[in-house]
Ligand code: SF4
């Protein structure tokens, strides 16, 4: 392994977005208010370290509500849930705290408005992603899911029908552009959101990784394999011709990747905590002397309000 200095560039912005920060704060607040255990439906955000840290504090993650015992506090993850899940929680009398990102809720509302006006609603997104499942279950009458431009021609929507589209918040701008063009070409009168639903954090991180790729020989994206926005960051690095790896944490770094590399660019998905980047930098420093620089970029100052009301503590958790 060469001992020449490795230039390390950090993308700006990178890592936590306002929706992720809020969701984690909600879980922490629930732990303070009610004590452990607290149940969270699905990973609160897609990151193993975040999940493990909360588990150690007494949070229990479940996939479905029927895994939550009667009367326990249930939190919905940042990705949002369908109407059916919300109704099930209500019918079981579970005290619920909804940590859905407000930008996801905005998409639910937009889709609902189009559906109520009688439009066929097309959702641009990836099948199976929890945000997409939640959004699909929020639109009265259902939605048509498309992922690629080629999916548009297969849509079973009658000629002359009213059509509208909404999008998953964490896709790449380029992915949606192609699909939106195909939709507009087949349905010239299609309605869509004023500003595309790709959220500010996704856009900013994608712009930053483009800048990073222009100056780096290798891109490392810190983020979970099931994190949609992290995957998009890696894909953008690849599209720009740079070897790009998506890594959970420093233990995934293969020293062989650094052979012949003089500049490595690092970014992190919206659900990856800063500590993972710190650990990666420490590992790089063990392998080569490093020179660290943060690239110029957008300074984000977005924050989302916490829910106004937390439910009363269940009886068995009320302090005497
Ligand atoms: S990436 Fe965007 S939509 Fe997703 S949680 Fe963060 S702010 Fe909300």
Practice task
State the number of residues belonging to the range 138-152 that are in a loop (DSSP other than H, G, I, E, B) and surrounded by fewer than 22 Cβ atoms within 10 Å (Cβ to Cβ).
Solution key: 5
Exercise for the section: Go over the candidates 82, 4 one by one and state the one that is surrounded by fewer than 21 Cβ atoms within 10 Å (Cβ to Cβ), touching a helix residue (DSSP H, G or I) at 6+ places or on another chain (Cβ under 6 Å) and in contact (Cβ under 8 Å) with a residue 40 or more places away in the chain. Expected result: 82
Problem - residue 155 vs. criteria without any contact (Cβ under 8 Å) to a residue 60 or more places away in the chain, under 24 Å from residue 178 (Cα atoms), within 16 Å of the ligand (Cβ to nearest atom) and not in a helix (DSSP H, G or I) - result: no
Practice task
Identify, from the list 135, 169, the residue that is outside any loop (DSSP other than H, G, I, E, B) and touching a residue at least 12 places away in the same chain (Cβ under 8 Å).
Solution key: 135
Exercise for the section: Please indicate, with yes or no, whether at least one residue in the range 247-261 is buried (at least 23 other Cβ atoms within 10 Å of the Cβ), on the phi < 0 side of the Ramachandran plot and in contact (Cβ under 8 Å) with a residue 12 or more places away in the chain. Expected result: yes
Problem - Residue in the range 197-233 that is surrounded by the most Cβ atoms within 10 Å (Cβ to Cβ), counting only those that are over 16 Å from the mean Cα position of the chain (by Cα) and without any contact (Cβ under 8 Å) to a residue 40 or more places away in the chain - result: 210
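Output the residues belonging to the range 54-79 that are in contact (Cβ under 8 Å) with a residue 40 or more places away in the chain and within 20 Å of residue 21 (Cβ to Cβ).
75, 77, 78, 79
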Fill in the blank from the handout: Scanning the range 31-43 for residues that are over 18 Å from the mean Cα position of the chain (by Cα) and in contact (Cβ under 8 Å) with a residue 60 or more places away in the chain, the one surrounded by the fewest Cβ atoms within 10 Å (Cβ to Cβ) turns out to be 35
Completion exercise
residue 46 passes all but one of the listed conditions (1) in contact (Cβ under 8 Å) with a residue 40 or more places away in the chain; (2) buried (at least 23 other Cβ atoms within 10 Å of the Cβ); (3) within 17 Å of residue 307 (Cβ to Cβ); the exception is number (3)
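Rule-based calculations on the coordinates, nothing more; no lab input. What you are looking at is a predicted structure, and each value in this text was computed from that prediction instead of being measured. Heads up, the Cβs are rebuilt from the backbone with ideal geometry, glycines too, and the neighbour counts pull from every protein chain shown.
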